Amino acid sequence: DNEQSVPQLLTRDVKLEKPLAKLMFSPDQDNHPSKAPVKYGELIVLGYNGSLPNGDRGRRKSRFALFKRPKANGVKPSTVHIACTPQAAKAISNKDQHSISYTLSRAQTVVVEYTHDSNTDMFQIGRSTESPIDFVVTDTVPGSQSNADTQSVQSTISRFACRIVCQRSPPFTASICAAGFDSSKNIFLGEKAAKWKTSDGQMDGLTTNGVLVMHPRNGFTEDSKPGVWREISVCGNVFSLRETRSAQQRGKMVENESNQLQDGSLIDLCGATLLWRTAEGLARTPTVKHLEALRQEINAARPQCPVGFNTLAFPSMKRKDVVDEKQPWVYLSCGHVHGYHNWGNKEERDGKDRECPMCRSVGPYVPLWLGCEAGFYVDAGPPTHAFSPCGHVCSEKTTAYWSQIPLPHGTHTFHAACPFCAHQLAGEQGYIRLIFQGPLD
């Protein structure tokens, strides 16, 4: 009976067939609990649809998994030294011991020494390629297809941007702190950095461009709602945002919130935004296999171009940058899906806006691409909606969620963006429902 249901299937909304439900969730089939290392979670960089433009290599990739280390490498604060000169401070902070130096003035520096913590694992993120950095992150250029596009930009991401500390025992919570230790195991906050003494006599501070975090409300599910952006200090305390990204004055401390990451927390490093997914959250997320099955199901229903009557097909996930001749295109003003054609191209409109032959509405006309990064999906629904203006396709709930998220942009603005390519969203909603035409036979 599947054969008969095909024509109606695509005229309006694509419906999921039952067997696909089994593919939906991935209890990591390859992992045998006895020998699999414990996975704390994964960080996924927004703006990449499954891999970096030139491929993932070593510590530079679009997603990074955090596993329990064979041996704990966490640290915790121990002795506090008040030194009268920066030279004395350098002498105190020896290269074999982690320490954070706070320069208060030319005459005074406070050095906090850190000692080994056998209960935690530490992972460091930043732009530097030095060995203490576990995950190398460079600035995201919206819609860039190659790293050549990204090299000319002056980076605003700190070389040692932040560190994530995971508890080695259940429930394996992960927390974030601003700044990472450099090759000499030091974090150095210069005279200009915002810093202060806390009520219990400890020191704390903020990094130049800051590390911002947003925890979504209701977790990372189809019921998720955006949370509030906060700034995280070097010691992991939570503050309201500064007036601009690098203002000297810190925001107010938010006592009732913590730096503990939740499934779906966003981390902004001023130049790149990372999504944190917990291991449990990922187990409830559609797999690449599931997305591939959805792609094949749409193609099997043989959607047609209402003008050329040629059959359309989404290209395979591996060919996600090259426009294919069968590629579906969409009019973003109405959502009617076509194959590529020159119909309605008005020269005086600068070639950007086109008139839809089905309903005469005028607007951009763009190729459709499947969203291949499964970690960005809030549910396993069929690919019925596309972000505007980039044409990345995913489930309705996923487009609705990301279109509500204000992502930091520059030093003091926020805007919604497509998670697959980082393009700023346009139009009333930032996304559109796709209207396919089924085969006429």
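The values are calculated or read from the model by the stated rules, or taken from the named source; none is laboratory data. Computed from a prediction, not measured in an experiment: that's the story for all the values here. Methodologically, a virtual Cβ is constructed for each residue, glycine included, from the backbone with ideal geometry; neighbour enumeration extends over all protein chains shown. Areas reflect the complete protein model, heavy atoms only, side chains present, ligands, DNA and RNA absent. Shrake-Rupley method; radii C 1.70, N 1.55, O 1.52, S 1.80 Å.
Worth pointing out:
- Highest mean first, the peptides 402-414, 245-257, 202-214 sorted by other C-beta atoms within 10 Å per residue fall in the order 202-214, 402-414, 245-257.
- About its Cα centre, segment 155-306 has a charge dipole of approximately 260 debye under the convention of +1 per Lys or Arg Cβ and -1 per Asp or Glu Cβ, with nothing else charged.
- Dipole orientation for the chain: of the candidates A300, V337, P226, P226 has the Cα lying most toward the positive pole (charges on Cβ; Lys, Arg +1; Asp, Glu -1).
- Positive minus negative residues near G339 (Lys, Arg vs Asp, Glu; Cβ under 9 Å): 0
- Highest to lowest packing among 131-140, 167-176, scored as the average C-beta count within 10 Å: 131-140, 167-176
- Since only V366, A313, G236 are under comparison, the one whose Cα sits farthest along the positive direction of the charge dipole of the chain, derived from C-beta charges on Lys, Arg, Asp and Glu, is G236.
- Gain on full stretching of the segment that runs from H116 to S183 - 0.36 nm per residue minus C-alpha separation: 22.5 nm
- Mean separation of Cα contacts under 8 Å (6+ apart) over length of segment 288-436, as relative contact order %: 19
- Protein accessible area in the chain, 1.4 Å probe - carbon and sulfur %: 50
- Segment 288-436: C-alpha gyration tensor shape, a/c 1.5 cut-off, then a/b vs b/c: oblate
- Assigned charges on the beta-carbon of Lys, Arg, Asp, Glu; the chain dipole about Cα centre (debye): 1020
- Remark: the S105-D56 segment gains 13.3 nm on full extension, using 0.36 nm per residue and subtracting the alpha carbon distance.
- Solvent-accessible area per residue for the chain (1.4 angstrom probe, square angstrom): 48
- Which labelled figure in [x] 27.4, 94; [y] 26.4, 117; [z] 24.6, 86 is Rg and Dmax of the Cα atoms in Å, once derived from the coordinates: [z]
- Segment 354-419: trypsin sites (Lys or Arg not before Pro) in DSSP loop, at most 11 other beta carbons within 10 Å: R360
- Protection proxy ranking, highest mean first, for peptides 281-288, 221-228, 43-50: 43-50, 281-288, 221-228, where packing is the per-residue count of other beta-carbon atoms within 10 Å, averaged.
- Tensor-based shape of segment 257-298 (alpha-carbon gyration tensor, a/c under 1.5 rounded, otherwise prolate or oblate): oblate
- Per-residue extension of 0.36 nm, minus the Cα-Cα distance of K289 and N218, leaves a gain of 22.9 nm for this segment.
- Basic side chains Lys and Arg get +1 at the Cβ, acidic Asp and Glu get -1 at the Cβ, and with that the dipole of segment 288-436 about its Cα centre reaches some 240 debye.
- A Förster radius of 60 Å, combined with the Cβ-Cβ distance separating D96 from S361, puts the computed FRET efficiency at roughly 0.35.
- Those residues of segment 278-321 whose amide nitrogen sits under 16 Å from the label point placed on A400, 7 Å along Cα→Cβ: none
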